[in-house]
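Each remark here refers to the structure printed beneath this line.
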Amino acid sequence: MNHFQQLNAATIQGVNFPTIPQGLALEKLTQLAKTTLPVGYNYDYSGPSRQFVQESGGLVLTFFFAILIIYLVLAAQFESFRDPIIILVSVPMSIAGALIFINLGIGHATLNIYTEVGLVTLIGLISKHGILIVEFANNLQKEGMSKRAAILEAAGLRLRPILMTTFAMVIGVFPLLTAVGAGAVSRFDLGLVIATGLGIGTIFTLFVVPSVYMMLGHDLHQSPPHHDKTAAVL
């Protein structure tokens, strides 16, 4: 007789259907266990399923603290409470872009512990794009440019570094997308979330961040002082 948690246990193993998320499969299994098992019997999970149940419950809290920490660091860096909001506005779009491909079942990807790690990673990666644009636009304003001209100039000049960062990261996770053998599915899920989320988030960053900057950004432009010219009478 096998034992689990110091109790007699019978183990049931299975694999969820490729298009069914792991969370949904475990939820259905939990409902089935509650209605089927006799009185006095309990159920529990082991392996990856146990890890998913334990860590997925804190996913929302993890996202909250990740965004909060990034916001506080950016607020200290920019000495502003509005600039971090402009930078982080692309985070929901990036995460939504990654979740679209998961919901479509591309490569039989599902929402599991590996895709959740990829989503948390996206928060930091996509925030860098906004930092490049906002910081450069603020510096241009301090040099005398208007807010509109500064953000347009910043979006154009920072386009190449943003695209280089995106392409480098996508190429970096490409081996995860083409992995074979043991653990290939998990690596594919992680690579898919990062590649698709970063790609879609980059597109939104280039268009949405400048628009939000125009609405919420500080007007740091200062017109040069006008000195009254007085004619000296000799």
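Every number in this text was worked out from the coordinates using simple rules, so none of it is lab data. Small disclaimer: the values here were computed from a predicted structure and weren't measured. Note: ideal-geometry Cβ built from the backbone for every residue, glycine included; neighbour counts use all protein chains shown.
The angle separating the long axis of helix 22-36 from the principal Cα axis of greatest extent in the chain is about 40 degrees. A cut-off of 5 Å between modelled amide H atoms, ignoring neighbours fewer than 5 places along the same chain, links TYR43 with no other residue. Each residue of the stretch 158-164 is assigned a 3J(HN,Hα), and the resulting list reads 8, 4, 5, x, 5, 5, 5 Hz, derived from the Karplus form 6.51 cos²θ - 1.76 cosθ + 1.60 (θ = phi - 60°), x at Gly and Pro.
Phi angles of the stretch 60-69 translate, via the Karplus equation with coefficients 6.51, -1.76, 1.60 and θ = phi - 60°, into HN-Hα couplings of 4, 5, 5, 4, 4, 5, 4, 5, 5, 5 Hz per residue; Gly and Pro are given as x.
Charge dipole (Cα centre; +1 on Lys/Arg Cβ, -1 on Asp/Glu Cβ; no other charges) of the stretch 52-216 amounts to roughly 320 debye. Axis of helix 47-56 versus longest Cα principal axis of the chain: the two differ by about 40°, to the nearest ten degrees.
Close amide H partners of ALA9, meaning residues 5 or more places away or on another chain with modelled amide H under 5 Å apart, are ASN2, HIS3, PHE4.
A prolate overall shape is assigned to the stretch 52-216, the ratio a/c of its alpha-carbon gyration tensor axes (a ≥ b ≥ c) being 1.5 or greater and a/b exceeding b/c. 3J(HN,Hα) along the stretch 80-94: 7, 9, 8, 4, x, 5, 4, 5, 7, 5, 7, 5, x, 5, 5 Hz, from the Karplus curve 6.51 cos²θ - 1.76 cosθ + 1.60 with θ = phi - 60°, whole Hz, x for Gly and Pro. Averaging the Cα positions of each part gives two centres, and for the stretch 184-217 and the stretch 44-108 these lie 12 Å apart.
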